[in-house]
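Quick notes on the structure that follows.
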């Protein structure tokens, strides 16, 4: 069971044990985590689950596809090298300890 560390707007961290196969977005929603709204329900069409992935994990993720890239170009917060949509990050044992920061504009 992978653990995700969500870094919140105030700098605090909320660590959640997630189910393998779930997404970063789904896990946040199921645990009432503020800042990840997921207005589209995880369909990769709204970008309200934008997160900044910790540098140590970026290379462990597959690159964003064209749809995710297009949505990331229009996010409300600055797009950074670690910007990803939480709905597109599927959790595996290799991602245990994943740290993601929620952009301030979403919190």
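Read-outs throughout are calculated quantities, based only on the coordinates presented, and are distinct from any laboratory measurement. Computed from a predicted model, the values in this text were never measured in an experiment. Here Cβ is always computed from backbone atoms with ideal geometry, including for glycine, and neighbour counts include all displayed protein chains.
For this structure, a couple of remarks:
- Note on the range 54-90: residues that are surrounded by 14 or more Cβ atoms within 10 Å (Cβ to Cβ), in contact with a helix residue (DSSP H, G or I) (Cβ under 9 Å, 6 or more places away or on another chain) and within 25 Å of residue 1 (Cβ to Cβ) amount to 10.
- Within the option set 45, 15, being exposed (fewer than 14 other Cβ atoms within 10 Å of the Cβ), at negative phi and in a strand (DSSP E or B) holds for one residue only, 15.
- Filtered residue count, the range 18-40, keeping only those that are exposed (fewer than 13 other Cβ atoms within 10 Å of the Cβ) and in contact with a helix residue (DSSP H, G or I) (Cβ under 9 Å, 6 or more places away or on another chain): 1
- On the stretch given as the range 1-12, residues that are exposed (fewer than 14 other Cβ atoms within 10 Å of the Cβ) and out of contact with any strand residue (DSSP E or B) (no Cβ under 6 Å at 6 or more places or on another chain) total 3.
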